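Before any comments, here is the structure.
The values are calculated or read from the model by the stated rules, or taken from the named source; none is laboratory data. Worth saying up front: this structure is predicted, and the values here are computed from it rather than measured. Note: ideal-geometry Cβ built from the backbone for every residue, glycine included; neighbour counts use all protein chains shown. In case anyone asks, the SASA skips ligands and DNA or RNA and just uses the protein heavy atoms, side chains included. Shrake-Rupley method; radii C 1.70, N 1.55, O 1.52, S 1.80 Å.
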Amino acid sequence: MFGIATAASAQTYVKLNGAYALCGLVNPQVEFTLSEHSTFQTEIVYSPWCSIKGHPMHFGIFQNEYRYYIKEHNRGFYVAANIALKAFNMSKPQLSHGRLLLQDRYCKGHGCMLGAAIGYEFRFAKRWLLDIFAGFGYSYCWYNGYSLDHVIDMHPSRPDWKEPPSPDPYNVSAQWLPTKAGISIGFLLNPPK
C-alpha cells in the first residue's frame, strides 16, 4: 500500500559508490523512505579530473530517482525511474580495436538524462547495506566541440542532419546509453526504535 512513511518508520541512508571511488569519481547518495515499498534517492556524480593524459575529463551530474522495492524498502530487488542534469568538459571515450581510447577533441556543454535502473539492496548489519545497481537511459546534450589545443570546431559532424549553410559551433547530441552503475555502501542515519 502506497503512502507517506510515518516518522517512526522513515529511514534515511547515506551512501557512497565504491566502484566510482576506485575510478577517482565522487558519488554521494542519500535515500529517503517514502512508503513500505518505495524510496526517493538523490545523488551527485562528480569528476574532479581537469585532465587525464591531456584530455579533459571534468563533469558533474545531479540525479533524482524513484525506487520501487518488490519486498520492502531497502531490501532486495528494486526497479527505478530517474532524471538527471549534467554539465561537462570532457573528451568522449571511443572503442577502437577492442581498446577504450579518448578522442583528440573534447566537448564543453550541458544536458539532461531520463532513464531506468534495476538493483538489489542487501542489509548486512543493523545499520549497513550494499546497493548493487545498473541503469540505462536517454541522454540529450547541448555543447561546443574543441580540438585539444582549445580551438573551437566550427564544423561539427552531423551525420544524420543536413550541414548548416554557415559555420556553426553549436551541436546537439541525443543517444541511448548506460547512465549509472556501481556498488554503494550505505549507512542508516535514523534506525527505527
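Measuring only protein heavy atoms, the 1.4 Å probe finds residue 140 accessible over about 80 Å².
Quick one: grab the alpha carbon gyration tensor of segment 1-96, order the square roots of its eigenvalues as a ≥ b ≥ c, and give me rounded if a/c is under 1.5, else prolate or oblate depending on whether a/b is larger than b/c.
Note, shape of segment 1-96 comes out prolate.
Accessible surface for residue 49 stands near 110 Å², nearest 10, in the context of the full protein assembly shown (1.4 Å probe).
Using +1 on the beta carbon of Lys and Arg, -1 on that of Asp and Glu, and nothing else charged, what's the dipole of segment 53-113 about the Cα centre, debye to 20? Provide the component values of the computation, followed by the final result.
Values: 9 positive and 3 negative charges, 31 e Å.
So the magnitude is around 140 debye.
Between residue 71 and residue 116, residue separation times 0.36 nm minus the direct Cα-Cα distance comes to 14.3 nm.
For the chain, what does the equivalent ellipsoid look like in terms of its semi-axes, each the square root of 5 times an eigenvalue of the Cα gyration tensor, given largest first in whole Å?
Result for the chain: semi-axes of 38, 18, 13 Å.
Using a probe of 1.4 Å, the accessible surface attributed to residue 14 totals some 50 Å² when neighbouring protein chains are kept in position. Think of the chain as a dipole: +1 on every Lys or Arg Cβ, -1 on every Asp or Glu Cβ, centred on the Cα centre; then among 176, 37, 64, 37 lies furthest on the positive end. Which distance in nm do the two modelled labels at residue 51 and residue 187 give, with both placed 7 Å along the Cα-to-Cβ direction? Spacing of the two 7 Å Cα→Cβ label points: 3.7 nm.
For segment 53-128, the set of trypsin sites (Lys or Arg not before Pro) satisfying both a DSSP loop assignment and a count of at most 11 other C-beta atoms within 10 Å is given as 53, 126. In the context of the full set of protein chains, residues of segment 35-106 present 57 Å² of accessible surface per residue (probe radius 1.4 Å, heavy atoms only).
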